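**Q** Before anything else, here's the structure in question.
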Amino acid sequence: MVVLNRIYTRTGDGGQTALGNGTRVAKHSLRVAAYGTVDEANATLGLARLHAAGEIDAALARIQNDLFDLGADLCRPDMEKDAEAGHPVLRVSAGQVARLEAEIDEMNKRLDPLRSFVLPGGAPLAAHLHLCRTVSRRAERLSVELATTESVNPAAVKYLNRLSDWFFVAARIANHDAGGDVLWVPGANR
């Protein structure tokens, strides 16, 4: 359980922060950048939810919770030492990835195949979901880069990859419900 009595601790004033295992690292470390970008994706998702209702809002709420799981996963290095932690270590699971895939497949059934690239925009919900998509792609790139030098849960990277696809299809649904996608017209302004 998390208990936050004080919001500021002054322990980061020198440019370092603590990871989930207590190790102190520079705030500009790649691991902190990766889970910080996951936090940014979650904040953009909060903005998207201002325009969502019903089933899509419930799905977005589940994803917001998953993003906290993902941040907890990424802030804890040394996966090989999970058993030594003395408590269960929160890791993103294959089941969370599978849920995203099933939801993508279900949403995609409502859509016609694409014949052009989609411009980010359209309905307010779609525009915000496209922003969520691009921020989650950046989090994925940082996590993949981190995995070249440190241990990273492979399911966490898969989750980020599917998540950006989920946001893309959900944005298409939002535009579909509002009149259609905004399509790229190659060379339209030459």
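The values are calculated or read from the model by the stated rules, or taken from the named source; none is laboratory data. What you see is a predicted model, and the numbers here were worked out from it, not measured in a lab. Cβ atoms come from the backbone with ideal geometry, glycine included; neighbour counts cover every protein chain shown.
**Q** Select, from 115, 172, 138, the only residue that is closer than 17 Å to residue 39 by Cα and among the basic types (Lys, Arg).
**A** 138
**Q** Identify, by number, the condition in (1) at pLDDT below 95; (2) under 23 Å from residue 21 (Cα atoms); (3) touching a Phe, Trp or Tyr at 6+ places or on another chain (Cβ under 9 Å) that residue 86 doesn't meet.
**A** Of everything listed in (1) at pLDDT below 95; (2) under 23 Å from residue 21 (Cα atoms); (3) touching a Phe, Trp or Tyr at 6+ places or on another chain (Cβ under 9 Å), residue 86 misses just condition (3).
**Q** Then there is this: Answer yes or no as to whether residue 175 is at pLDDT 95 or above, among the polar types (S, T, N, Q), assigned to a helix (DSSP H, G or I) and crowded, with 20+ Cβ neighbours inside 10 Å.
**A** The answer is yes for residue 175.
**Q** Is there any pair with a first residue in the stretch 54-74 that is in contact (Cβ under 8 Å) with a residue 24 or more places away in the chain and more than 14 Å from residue 166 (Cα to Cα) and a second that is of a type in the set (D, E, K, R) and in a helix (DSSP H, G or I) whose Cβ atoms are under 7 Å apart and which are 6 or more apart or on different chains, and what are they?
**A** The qualifying pairs are 71/39; 74/31.
**Q** What single numbered condition from (1) in contact with a Gly (Cβ under 8 Å, 6 or more places away or on another chain); (2) among the acidic types (Asp, Glu); (3) free of Cβ contacts under 8 Å to residues at least 60 places away in the same chain fails to hold for residue 181?
**A** All conditions are met except number (3).
**Q** I would also like to ask the following. Taking only pairs six or more apart or across chains, which ones have beta-carbon atoms under 6 Å, a first residue in the stretch 110-128 that is of a type outside the set (Ser, Thr, Tyr), and a second residue that is part of a loop (DSSP other than H, G, I, E, B) and loosely packed, with under 13 Cβ neighbours inside 10 Å?
**A** Here the result reads 117/184; 119/184, each pair linking the stretch 110-128 to a residue that is part of a loop (DSSP other than H, G, I, E, B) and loosely packed, with under 13 Cβ neighbours inside 10 Å.
**Q** Just to verify a result, which residue in the stretch 35-59, among those that are aliphatic (A, V, I, L, M) and under 11 Å from the mean Cα position of the chain (by Cα), is surrounded by the fewest Cβ atoms within 10 Å (Cβ to Cβ)?
**A** Ranking the candidates gives 43 first.
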